[in-house]
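I have placed the structure first, in the form of structure tokens, so that the comments after it can refer back to it.
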Amino acid sequence: MKVLVIGGGGREHALAWKLTQSPRVQQVYVAPGNGGTQRGAGLVNVPITEVAALRDWALQEKIALTVVGPEQPLAAGVVDDFRKHGLRIFGPSRAAAQLESSKAFSKAFMQRHGIPTAAYDSFTDAAAARAYVDRLGAPIVVKADGLAAGKGVVVAQTVAEAHAAIDDMLGGNQLGVAHNEGGARVVIEEFLHGEEASFIVLCDGKNVLPLATSQDHKRLLDGDAGPNTGGMGAYSPAPVVTPDIHARVMREIILPTVRGMEQDGVPFTGFLYAGLMIDAQGHPRTLEFNTRMGDPETQPILMRLKSDLLEVLLAATAGKLDAVQLQWDRRVALGVVMAAHGYPQAPRKGDLITDLPAAQDDVMVFHAGTVQDGDQLKTAGGRVLCVTVLADSVRQAQVRAYDVARQIHFDGAQYRRDIGHRAVV
């Protein structure tokens, strides 16, 4: 069976790596892939990104299943296009992907269906947005209404910082936000206190299958300081999601979302990711929805998954997730992102990467921003690698992951030294 993974980051490397482990998989193609997928056993890169060209290639190659990694192809309607041509693909339709691609759509949906989230308002006029911030004060959260590679959120600690974020998102656009129809818009939310967690499930339109819980580290620097990034590391499971909180999230957030999308005539298929804020009393609220697996959460989650991912996704695309039970490694998985010099504002490309360790059963270095240049591996993006390990505890996983990270070299490499710090007791 031939399988296609769309995307070129660390999440896609992990998905492709896991799919190669299925005995029914003949070949996994990754479009466009990266330096790691180019080197990986059983993996072939396909240098195509345009939806129609990719669909024609998939038809020609008789691809049995396509899995979409990143948000951009989903927002561009790749799932609709592939399905229209009879190709089996796992992901949400363009309309359903608005849960991620439009913060304004997502917040209005949550409000309409009674899904717990932060109070908010949305604006296209900067003066009105600034006046709203002046009235509410700081800290306050400013979000761009469009795709921004995970960086379109500013948690402003001061009113002045919030004003600057509004001015950029509605004018300067240094974040490179892909604006939705109607032009630039910002969503401004109340600041929620608590601990964040990532809650990712598979959906087949009706049935829901939760993946293992995880926790991401969004800030660039140790101690959750510095600017927001696409994610500097993650671990699974997340102790903050107790069995009681897990049941509550399913009951109050996930199931109402899936039912609400169905009621609205937009059934949701694919990975649904709820970014949660869990307060001191154990009340979960939804910070955001993503309509794909998280990056870097995918890497530790798939390290722990013992089930055959191909069989799970085939069941999902057949509407039979209710018949699937997932098997998990009892150990902790932890991933440390190694980022390029200048990330996230201006990541440098072209630095030589050396001293990568060989893959082991309990250690994988997933590639994201890498490219194979002749016989040399070089940096080609902001987040370069994700060193991911399995161990019996978070503390042991930290020790192992950082031992491996210290062995790897590229000029300007930066990474946090405290991934998993909230779970260390």
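The values are calculated or read from the model by the stated rules, or taken from the named source; none is laboratory data. Source: prediction; values computed, not measured. Cβ: placed from backbone, ideal geometry, glycine included. Neighbour counts: every protein chain shown. Areas reflect the complete protein model, heavy atoms only, side chains present, ligands, DNA and RNA absent. Shrake-Rupley method; radii C 1.70, N 1.55, O 1.52, S 1.80 Å.
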Original post:
How far apart, in nm, are two points set 7 Å out from the Cα along the Cα-to-Cβ line at Gln376 and at Ala164?
Top reply: 3.6 nm
Original post:
Once you sort the root eigenvalues of the Cα gyration tensor of region 332-425 as a ≥ b ≥ c, which label holds: rounded (a/c under 1.5), prolate (a/b larger than b/c) or oblate (the other case)?
Top reply: oblate
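If R0 is 22 Å, what FRET efficiency do you get for Gln407 and Arg39 from their C-beta distance, rounded to 0.05?
0.80
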Original post:
Leaving out same-chain residues fewer than 8 places away, which aspartates and glutamates sit with a Cα under 12 Å from that of Lys103?
Top reply: Asp121, Asp145, Glu189, Glu288
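Would you mind counting up the charge near Ser393? Only other residues with Cβ under 12 Å from its Cβ, with Lys and Arg at +1 and Asp and Glu at -1. The partial results should precede the final answer.
Details: positive: Arg330, Arg331, Arg395, Arg400; negative: Asp392.
Its environment carries a net charge of +3.
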**OP:** Might you tell me the accessible area per residue for region 87-152, computed with a 1.4 Å probe and given in Å²?
**Re:** 36 Å²
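Determine the shape class of region 285-344: with a ≥ b ≥ c the square roots of the Cα gyration tensor eigenvalues, call it rounded for a/c under 1.5, and otherwise prolate if a/b is greater than b/c, oblate otherwise. Display every interim value, and only then the final one.
Numbers: a/c = 2.35, a/b = 1.63, b/c = 1.44.
In terms of gyration-tensor shape, prolate.
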**OP:** Mind checking the full-extension length gain between Ser307 and Thr242? Use 0.36 nm per residue of separation minus the Cα-Cα distance, one decimal, nm.
**Re:** 21.1 nm
**OP:** Compare Gly381, Gly86, Gly319 in a GNM of the chain, Cα atoms joined below 10 Å, and give the one with the largest fluctuation.
**Re:** Gly86
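Let me make sure I get this right: for region 191-270, a, b and c are the square roots of the gyration tensor eigenvalues over alpha carbons, sorted descending. Under 1.5 in a/c it's rounded, otherwise prolate if a/b > b/c, else oblate. Which is it?
Numbers: a/c = 2.27, a/b = 1.86, b/c = 1.22.
Note, shape of region 191-270 comes out prolate.
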Original post:
What residues from region 332-349 fall in the zone where the backbone N is under 11 Å from a label point 7 Å along the Cα-to-C-beta line of Gln396?
Top reply: 332
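Quick one: if the Förster radius is 22 Å, what FRET efficiency do Arg112 and Glu190 give, using the C-beta to C-beta distance and rounding to 0.05? The partial results should precede the final answer.
Values: r = 18 Å, r/R0 = 0.84.
That gives a FRET efficiency of 0.75.
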Original post:
What nm value, rounded to one decimal, do you get for the distance between Asp279 and Arg24 when each label is placed 7 Å out toward the C-beta?
Top reply: 4.6 nm
**OP:** Could you pull the accessible area for His341 with a 1.4 Å probe, rounded to 10 Å²?
**Re:** 90 Å²
**OP:** Sequence neighbours fewer than 8 away in the same chain don't count; with that in mind, list the aspartates and glutamates whose C-alpha is under 16 Å from Lys349.
**Re:** Asp373, Asp411
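With the Cα gyration tensor of region 92-143 in hand, convert its eigenvalues to equivalent ellipsoid semi-axes via √(5λ) and list them largest first in whole Å.
On the way: eigenvalues 116, 35, 15 Å².
The equivalent ellipsoid of region 92-143 has semi-axes of 24, 13, 9 Å.
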Original post:
How big is D, in µm² s⁻¹, for region 340-383 by Stokes-Einstein at 4 °C and 1.567 mPa s if Rh is the Kirkwood radius over C-alpha pairs?
Top reply: 114 µm²/s
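Can you order the peptides 119-132, 277-290 by their average number of other Cβ atoms within 10 Å per residue, highest first? Walk me through the intermediate numbers first.
Details: 119-132: 15.9, 277-290: 17.8.
Those peptides, ordered most packed to least, come out 277-290, 119-132.
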Subject >> Volume of the Cα convex hull of region 196-330, divided per residue and given in Å³ >> reply: 112 Å³
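May I ask you to compute the full-extension gain from Val424 to Lys84, defined as 0.36 nm times their residue separation minus their alpha-carbon distance, rounded to one decimal in nm?
Working: separation 340, 0.36 × 340 = 122.40 nm, distance 4.85 nm.
That pair, Val424 and Lys84, stretches by 117.6 nm at full extension.
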**OP:** Would you calculate the separation in nanometres between label points at Arg417 and Glu61, each defined as 7 Å from the Cα along the Cα-to-beta-carbon direction?
**Re:** 4.3 nm
Subject >> Inter-centroid distance (Cα atoms) of region 349-425 relative to region 216-244, Å >> reply: 16 Å
Subject >> Cβ charges +1 (Lys, Arg) and -1 (Asp, Glu), total dipole of region 329-408, debye >> reply: 320 debye
**OP:** For every helix of n ≥ 4 consecutive DSSP H residues, a contribution of -39,500 (n - 2.57) applies; sum these over the chain, divide by its total residues, and give [θ] at 222 nm rounded to the nearest 500 deg cm²/dmol.
**Re:** -7500 deg cm²/dmol
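About the Cα centre of the chain, how large is the charge dipole given +1 on each Lys and Arg Cβ and -1 on each Asp and Glu Cβ? Please answer in debye to the nearest 20. Show your work: numbers first, answer last.
On the way: 42 positive and 46 negative charges, 140 e Å.
In total the dipole reaches around 680 debye.
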Original post:
Could you give the accessible area per residue of region 300-391, probe 1.4 Å, as a whole number in Å²?
Top reply: 41 Å²
Original post:
Going highest first, how would you order 398-404, 348-354 by mean Cβ packing within 10 Å?
Top reply: 398-404, 348-354
Original post:
Which listed residue (Val371, Met250, Ala333) has the Cα farthest towards the positive end of the charge dipole for region 246-379, taking +1 on Lys and Arg C-beta and -1 on Asp and Glu C-beta about the Cα centre?
Top reply: Met250
Subject >> Which of Met232, Gly260, Gln111, positive extreme of dipole for the chain (C-beta unit charges) >> reply: Gly260
**OP:** Excluding residues on the same chain fewer than 8 positions from Lys306, give the lysines whose Cα lies under 25 Å from its Cα.
**Re:** Lys2, Lys18, Lys206, Lys320
Subject >> In Å, descending, principal axis extents of the Cα set of the chain >> reply: 58, 47, 42
**OP:** Quick one: give the max-minus-min coordinate of the C-alpha atoms of region 1-79 along each principal axis, largest first, in Å.
**Re:** 30, 25, 17
Original post:
Roughly how many percent of the accessible protein surface of the chain is carbon and sulfur, given a 1.4 Å probe and a whole-percent answer?
Top reply: 48 percent
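Under Stokes-Einstein, with the Kirkwood radius over Cα pairs standing in for Rh, what whole-number D in µm²/s applies to region 250-328 at 4 °C and 1.567 mPa s? Could you put the intermediate results ahead of the total?
Numbers: Rh = 14.4 Å.
The estimated diffusion coefficient comes to 90 µm²/s.
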